[in-house]
Amino acid sequence: MIISIVGGGATGITILRHLAELVASGRDNGTISGIQLFDKSGFDGGVAYRTQSDRHLLNMKASTMSIRPGDAEEFLRWLRARGLSCHGNKHLPRMVYRDYLDAVRLAAIAQCRSAGVPVHAEQAEIVRMRLSPDRDVLLTTDRNITHISSVLILCTGHNAPDDHYGLAANPNYIRDPYAQFTFADRDGVEVGILGSGLSAVDTAAALAKTHPAVRMTCLSRSGLFPTVQPVTLPATADDFRDALHRYVASRERIEADAFAARLSELLLETTGIRCDLSCRNVGGDALADLEHSIGRAESGEPSVYSYLVSVIDVMCDAWSRMRDVEKMRFMDVYNSGWLRNRSAMPLENAIRIRDLMRSGRLSARARLRNVTGTGGRFRAILGDGDRHDVNYVIDATGPSYRLDSSPLYQDMQRQGLIAFDALGGIRCGYDDGRVHDRHGTAHPNVYAVGGPTKGTHFYAAAVDINLRRAQEHHYL
C-alpha cells in the first residue's frame, strides 16, 4: 500500500518517522510499498518554526523535544553533533528545532529508501481529494497533478491567527506574529500586540531586539502574561493528580463549570495553592504579577504550572467526556486561564518582558473589546471605556485551527467526506484518529493527527502527545 501524508511540519514528520521505523524493522510485514509527503510551504517548519528570530523560543525544554519513540535524548545528541551542546532544561530558538525536523525528515526518507520503499516528497498544496470506487485515495495538487494512495493521513498544522476584528485590509495590520517586521524603527511609533499569551511574549521579545525605538502595548482580555516555568520542574506529590483522576473517572459526562471548580478545590485542598481558571483577576497589575511569577519560578517551589503538567492525560480524558456545548463553555470561560498557567513561558523570556515593562517600552492593557482601523492608525476599544491608539497591529492571539478556508477541506466538506468541528478541526475518532464523514461514519483509510483534530482533542499541537498518537494509531 501507498500512504500519503498531507502536511510536512512537526506532526507530518513525526508520522513519516514512525512509518520509516515500521518499514526498517519489518514490522509493517512488507505492507508499505510507498510513502508520499506533501507540504505547501516547502518543509520550512510551517507557522510554528519558520521564524528567523532567536528570540522566538520553544515553549518546551530541549529534553522533551525528541520525536524518536523511546529515545528522549535524540534531540540533545543532534544538538551536540552540531556543536550546539546545551542542558536539557534550556529553551532553544524555534528555528533550531526546524533544522532538527528537517534532519529527521531526510533521515526517515533515506531509511525508507534503504529498505526498498520509495518516498515522494513534494512542495505542493493538496486542493482536492476523491475516493475511487475501490476506496483508493486520489489527491490533486495545486499544479493539477493527481496522486493515488491507499491511506491518507491529514497532518495540516497551524494557521495564522484569525482576523477577529476585520483588519486584514489595512496594510499596517500584521497577521503573522513570527514574520520579519519591516516597518520603520523610530521614536513615536506605537505598536499594538493583540494578545498576552506565548505568541505575544515571543513577538514583544523579538520586536524589542529589531526595533529598539518603538513602544509596545499588549492588548488582551486579561491583560496578564503567562506564568513562568521553573528552570527545573519541582517534584510534586500525586495527591492532586490522583484526586482529579478519580473525579473524572467517576463521571460519564463532565460539565465545564463543575470540572474547573473541582480542579481549583482539589488544588487548594491538596497543595494549598489557589487557582482560578476563569481569569477573574482581569485588569490586575501585569508587572507585579509577572515579578511574583518569576520569583516563584526562581525559588523552585511547586506552582500551578507544576501541577497542571502532571494532569495532562486527566485533562484529555475529561475533554473526551464533555459534550460539544461544554467544550465550547470551557474554551470561552476557562481556556485562557488554563493556557496562562499550563503554557507557562520560559524564564529567559519572562525576564526580558519584565525588563521591557520596567523600562516603559512595553505595557499591557486589559478588557480588550474591539479594534478599529482608520487610515494609518488603529484604535483599541477597552471595556472600561478607555481607548488606546497605535500605528501598527501585530496579531498574536494564537494559531487558528479553522480549516474552512482550506481548498482541500472545502472540497472534502462539499462531498460530505468530512464534517467541520465547531472548535476548528474536523470530526474524527478520539481513540483511532479515523476521519468521520458528515453522517458520523468513520473512513477506514483516512486519518487525522495534530491540528485537524482540534475539538475532538483538547491538545492538538503538542509534540509529545502527537508522537504518542502516531504510535497508537494503526494505519496499515
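What follows is calculated from the coordinates using simple rules that are stated; it is not laboratory data. All of these numbers come straight from a predicted model, not from anything done at the bench. Cβ atoms come from the backbone with ideal geometry, glycine included; neighbour counts cover every protein chain shown.
Over the Cα atoms of the chain, the radius of gyration divided by the Kirkwood radius equals 0.96; this is the Rg/Rh ratio.
Taking the alpha-carbon centroid of each part, what is the distance from segment 335-397 to segment 87-106 in angstrom? If we compute the Cα centre of each part, the gap is 28 Å. Residues of segment 431-448 with an amide N closer than 19 Å to a point placed 7 Å from the Cα of residue 130 along the Cα-to-Cβ direction: 445-446. Magnitude of the charge dipole for the chain, about its Cα centre and with charges confined to Cβ atoms of Lys, Arg (+1) and Asp, Glu (-1), is about 540 debye. Shown here for segment 99-146: trypsin sites (Lys or Arg not before Pro) in loop regions (DSSP other than H, G, I, E, B) with at most 12 other Cβ atoms within 10 Å, namely 135, 143.
Ignoring aspartates and glutamates fewer than eight residues from residue 61 along the same chain, the ones with Cα atoms less than 13 angstrom from its Cα are 73, 348, 464. The lysines whose alpha-carbon is closer than 21 Å to the alpha-carbon of residue 454, local same-chain residues fewer than 8 away aside, are 40, 327. For helix 324-333, what angle does its Cα long axis make with the longest principal axis of the chain, in degrees from 0 to 90 and rounded to 10? Orientation of helix 324-333: about 30 degrees from the principal axis. Spatial offset of segment 1-48 relative to segment 156-176 amounts to 30 Å, using the alpha carbon center of each.
Normalized C-alpha radius of gyration of segment 239-342, against 2.2 N^0.38 Å? Cα Rg divided by the expected 2.2 N^0.38 Å: 1.10. Based on DSSP H segments of at least four residues, each scored -39500 (n - 2.57), the chain has a per-residue ellipticity at 222 nm of -10500 deg cm²/dmol.
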